[in-house]
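Trainee: Quick one: the structure is below, and I'll ask about it shortly.
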Amino acid sequence: MEPYLKIVSTGISVPDKVLTNQDLEKMVETSDEWIITRTGIRERRVSAPGVASSDLGTQAAQMALDAAGISAAEVELLLVATASGDYLFPSTACVVQKNLGADQATAFDISAACSGFLYGLTVAYSLMKSGSYRNALVIGAETLTKITDYQDRSTCVIFGDGAGAMLVTLGNDNNNGIFASHLGSDGKFTTLSNLPAGGTRLPATADTVRQHRHFIKMEGNELFKVAVRSMEEAARLTLKKAGLTTADVDILIPHQANLRIINALIKRLGIPDERVYINIERYGNTSAASIPIAYHEARSKGLLSEDSVVLLVAFGGGITWAGVLLRG
Ligand code: UT7
């Protein structure tokens, strides 16, 4: 039998500060009603000045380690998926490694925007199946509010901060854990969502700062369409790899980008509302952190039993898409 990736424990970290739709009404020309009907978001979390993605990632990872009773020194692989890393380099994973004291780990970042956490799980799964590592900490950590333009109403109502972590080990009885995944990307859509300046394409200058080019830009409407299509494809191809259909899915945990995207997706897949976990109203879009936060919450609320078939599905800037199937 194929080995599987057992989920030993999870952890999350979200900042205390809440930014409500009412708060945003005072900052840009928008309304609580517009934001709720167009996105499903009521509030999101905002990290304090000086707090970076590695800080939230470290807290989420420490929570997962504590829950498992494993010390950081025992971690062999440490992956951080992020679109809002502390630096261009070094990797945020190396910063988290230092913070945790995970001295024995191999640490690196995964860049796949909102699909990053599922890319990370899949990379961990592959490296562990090949025998290179026996355990991994996979983290999704974002402080998107630090790169959000609070003068741009088309983006600032959407994004929030947070981090989620999963500690995984290799198992072989196939009862519980990750057993299939599918990844995809299409570079034709790089312009649909990006951070134009600050990289080598457009290095920082006084002009790039003046022109607000160090903030997330997004063609929301176009992104919406490719999001629904790519998440449907990711879901179907992941299920196909495992010989399952949408009828076998007990809980779908989609990337929380927009409630209307989730509703369009589940309609296409024929998955009823009661089998979908949604928390977008409380956190907004936390990119690579959204799925591990939602999975942690669903697990903590007792919504997942050992036999539950859970489908995780995401899309993100790039564009990228991904599906991961697990039991438990
Ligand atoms: O990082 C990748 C993840 N990103 C996503 O997943 C984004 C996917 N896209 C979306 O979620 C949606 O496209 C948005 C929520 C971003 C926008 O919703 P929409 O229904 O696609 O709105 P729209 O862009 O078509 O804009 C409709 C109208 C426009 O006004 P006019 O031109 O019709 O007069 C916008 O100017 O809504 C206006 N608008 C707003 N009005 C009030 C845009 N943002 C706001 C706002 N408040 N915050």
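The values are calculated or read from the model by the stated rules, or taken from the named source; none is laboratory data. All values derive from a computational prediction rather than experimental measurement. Glycine gets a Cβ as well: all are built from the backbone with ideal geometry, and neighbour counts include every protein chain shown. With ligands, DNA and RNA removed, areas are computed over all heavy atoms of the protein, side chains included. Shrake-Rupley method; radii C 1.70, N 1.55, O 1.52, S 1.80 Å.
Trainee: Between a residue in the stretch 76-98 that is over 13 Å from I147 (Cβ atoms) and any residue that is basic (K, R) and surrounded by fewer than 19 Cβ atoms within 10 Å (Cβ to Cβ), which pairs come within a Cβ distance under 8 Å, given they are 6 or more apart or on different chains?
Mentor: From residues that are over 13 Å from I147 (Cβ atoms), the pairs are E76/R134.
Trainee: Given the conditions (1) hydroxyl-bearing (S, T, Y); (2) open to solvent by less than 80 Å² (accessible area, probe 1.4 Å); (3) over 19 Å from the mean Cα position of the chain (by Cα); (4) within 16 Å of the ligand (Cβ to nearest atom), and given that T155 satisfies all but one, which numbered condition is not satisfied?
Mentor: Unmet condition: (3).
Trainee: Okay, moving on. If G243 meets every condition in (1) out of contact with any Asp or Glu (no Cβ under 8 Å at 6 or more places or on another chain); (2) touching a residue at least 12 places away in the same chain (Cβ under 8 Å) apart from one, which number is that one?
Mentor: It fails just one condition, (2).
Trainee: Quick one: would you say A197 is touching a residue at least 24 places away in the same chain (Cβ under 8 Å) and open to solvent by less than 10 Å² (accessible area, probe 1.4 Å)?
Mentor: Taking the combined requirement at face value, the residue does not satisfy it.
Trainee: Kindly state which strands (runs of 3 or more DSSP E) lie completely within the stretch 13-98 and contain at least 3 residues that are open to solvent by 10 Å² or more (accessible area, probe 1.4 Å).
Mentor: The qualifying strands (runs of 3 or more DSSP E) are 18-20.
Trainee: Also, I was wondering about something else. Would you please name the residue that is farthest from the ligand (Cβ to nearest atom), looking only at residues in the stretch 290-306 that are outside any helix (DSSP H, G or I) and surrounded by fewer than 21 Cβ atoms within 10 Å (Cβ to Cβ)?
Mentor: Step one: filter the stretch 290-306 for residues outside any helix (DSSP H, G or I), giving 301-306.
From what's left, surrounded by fewer than 21 Cβ atoms within 10 Å (Cβ to Cβ): 301-303, 305-306.
Numbers: K301: 25, G302: 29, L303: 24, S305: 31, E306: 33 Å.
Filtering first and then ranking leaves E306.
Trainee: Go through the stretch 243-289 and give me each residue that's within 12 Å of the ligand (Cβ to nearest atom), under 20 Å from L121 (Cα atoms) and of a type outside the set (V, I, T).
Mentor: P254, H255, Q256, A257, N285, S287, A288
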